[in-house]
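No lab work stands behind these numbers, since they all come straight from the coordinates. Here the structure is a predicted model, which means the values were calculated and not measured. As a convention, Cβ positions derive from the backbone with ideal geometry for all residues, glycine included, and neighbour counts pool all protein chains shown.
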Amino acid sequence: MTIASVILAAGLGKRMHSSLPKALHPLLGKPIVFHALDAVLPQVDLPPVLVTGYGGERVREEVARAYGERVSFALQAEQLGTGHAVRSAEDQLRGKADILLVTFGDMPMLRSETLRRLIQIHHETGSTITMTSVIGDLPRGFGRVVRSADGKVRAIVEEAVATPEQLKIREYNISAYCFDAEWMWQSLAELKPSPKGEFYITDLVELAISQGKGVESMVLEDAAEGLGINNRVDLADCERAMRARVNRQWMLAGVSFLDPDTITVEMDVTIGQDTVLYPNTYLRGKTSIGENCAIGPDTTLLHTSVGDYSVIQYSVAEKATIGSHVSMGPFCHLRGGAILQDYVHLGNFGEVKDSTLGEHTKMGHFSYIGNATIGRDVNIGAGTITCNYDGKTKHPTEIGDETFIGSDTMLVAPLKIGKRAKTGAGAVVTHDVPDDTLVVGVPARPKERKDHCD
Ligand code: UD1
Ligand code: CA
């Protein structure tokens, strides 16, 4: 039994009122259509065919960049409805598979596990169509599942053409289907246009019934899986539901969340056991957090890794590497290439970019460190600045182990400061400083008594 799949994403997405195709709007940090692809991919034998149209190049580019050969594409040049859209994949798929799984690119909450069960039910019941529905109160716009008195599915009726009686039905079509592939390719050609001139995939249900074919429906327990995205209100609802789903998984895996509604953890993030996340924390991209950390409140980490037992509050880090037992914040900013080794302490208002701070180094107050390599056990006094940019080029600064940088020191790069050196308060250091040497003044010069500094 071979399973192929089609994912529809060619619609105009007009209701988003956006220049960005609907498929590419981010949901929990990832384009909507990626969620749909991730659910389908593990369940199928052939690369899913993504049907695109409006803004198609952009969608295809983004998907190809992320998924490469694992996904293929079909073009629906004119948007003549969901049934018409599936036909765009016919040349690629007809004769290649027994079962065709069809899902919609704008239904990102469907789980892969649900699709697995759908395929299983389809297989076990030998149906021609197996569809999915949820029972509950969904926002407007969903097709209603019409059943006969004996409970059997009769048809899916679109909201626009439903009778007042049918509009009262609370079972909604959520557009994940399994079809007997050959039957479907034949039957798509028989679909009649809707009053709007569109060909609806939903009409296949009535067609199958009229031919005496078996139609099964799988009713999903978790109504959140039925949330789809037609407009930005739906997008916000999905974001909330997806956030709750991800947060719940981490809580069950041993991570504490204080006020989870305010905490966002994107899909590719990993978090170790006994870490506590405080309100308004955003863990984004490929961020990884070790065990026993305390992150937040009001902290954003993007593509950043953190070791174990680190405490980060009221801070922002992007593409940074933070070791274990680090304490950071409030109000620190780590930018690309910042590396804080174990036991580093960053107090308030520190910015670090493209620099390494060695173990046990302390930078307590108001400093900027850029393009620098700083050893271990260094004390960086309040207000220290690496003057790394001369208006044209960035220059490096090197600071040896156990060095003491006095308050308000300006380190004019390129510059090397030796081990156990000291700079006096307010020094403007323009020349390299040897090991065990104290420099003071503007510009800074060596002073004999190296113990006299502050
Ligand atoms: C559709 C279903 C409805 C279901 C709802 C939510 C139909 C006719 N209606 O309505 O029963 O309750 O989804 O699952 O199927 N698309 C194309 N080409 C087209 C038209 C649409 O690729 O010509 C794509 C869209 O990009 C989108 C999906 O198909 O991903 C659904 O289209 P949309 O217009 O949003 O359908 P709904 O009104 O939501
Ligand atoms: Ca839709």
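For the chain, a simple Cβ point-charge model (Lys and Arg +1, Asp and Glu -1, everything else neutral) yields a dipole of about 720 debye relative to the Cα centre. Take every DSSP beta bridge whose two residues both sit in the range 3-226; close to 45 percent of them are antiparallel.
Taking the beta-carbon count within 10 Å as an exposure proxy, list SER175, SER148 from fewest neighbours to most. Walk me through the numbers before you get to the answer.
Values: SER175 23, SER148 10.
Ordered by Cβ neighbours within 10 Å, fewest first: SER148, SER175.
For the chain, the relative contact order comes to 8 percent (Cα pairs under 8 Å, sequence separation of at least 6). Reducing the range 75-126 and the range 363-390 to their Cα centroids gives an inter-centroid distance of 57 Å. Ranked by the mean number of other Cβ atoms within 10 Å per residue, highest first, peptides 60-67, 286-293 order as 286-293, 60-67. Dipole check for the range 355-454: with +1 at the C-beta of Lys and Arg, -1 at the C-beta of Asp and Glu, and the Cα centre as origin, the magnitude is about 180 Debye.
Set Lys and Arg Cβ to +1 and Asp and Glu Cβ to -1, take the dipole of the range 120-183 about its Cα centre, and tell me which of ILE121, THR163, VAL145 lies farthest positive. The residue sitting most towards the positive pole is THR163.
How many percent of DSSP beta bridges within the chain run antiparallel, rounded to 5?
On the way: 21 of 105 bridges.
Among the beta bridges of the chain, antiparallel pairing accounts for roughly 20 percent.
Each other residue within a Cβ distance under 15 Å of GLY336 adds +1 if Lys or Arg and -1 if Asp or Glu, for a net charge of +3.
If R₀ is 25 angstrom, what is the calculated FRET efficiency for the pair THR393 and ASP432, using the beta carbon separation as r and rounding to 0.05?
Numbers: r = 18 Å, r/R0 = 0.73.
For THR393 and ASP432, the calculated efficiency is 0.85.
Taking Cβ atoms as reference points and 14 Å as the exclusive limit, the residues near MET107 contribute a net charge of -4, counting Lys and Arg as +1 and Asp and Glu as -1.
Tally Lys and Arg at +1 and Asp and Glu at -1 over the other residues with C-beta under 13 Å from the C-beta of PRO260: what net charge comes out? Display every interim value, and only then the final one.
Details: positive: ARG240, ARG243, ARG245, ARG248; negative: ASP259, ASP261.
Combined, the nearby Lys, Arg, Asp and Glu give +2.
Amide H contacts of CYS387 (H built 1.01 Å from N, in plane; Pro and chain starts excluded): LEU411, VAL412, ALA413 sit under 5 Å, all sequence-distant by 5 or more or on other chains.
Per residue of the chain, what 222 nm ellipticity follows from adding -39500 (n - 2.57) for every DSSP H run with n ≥ 4, rounded to the nearest 500?
-5500 deg cm²/dmol
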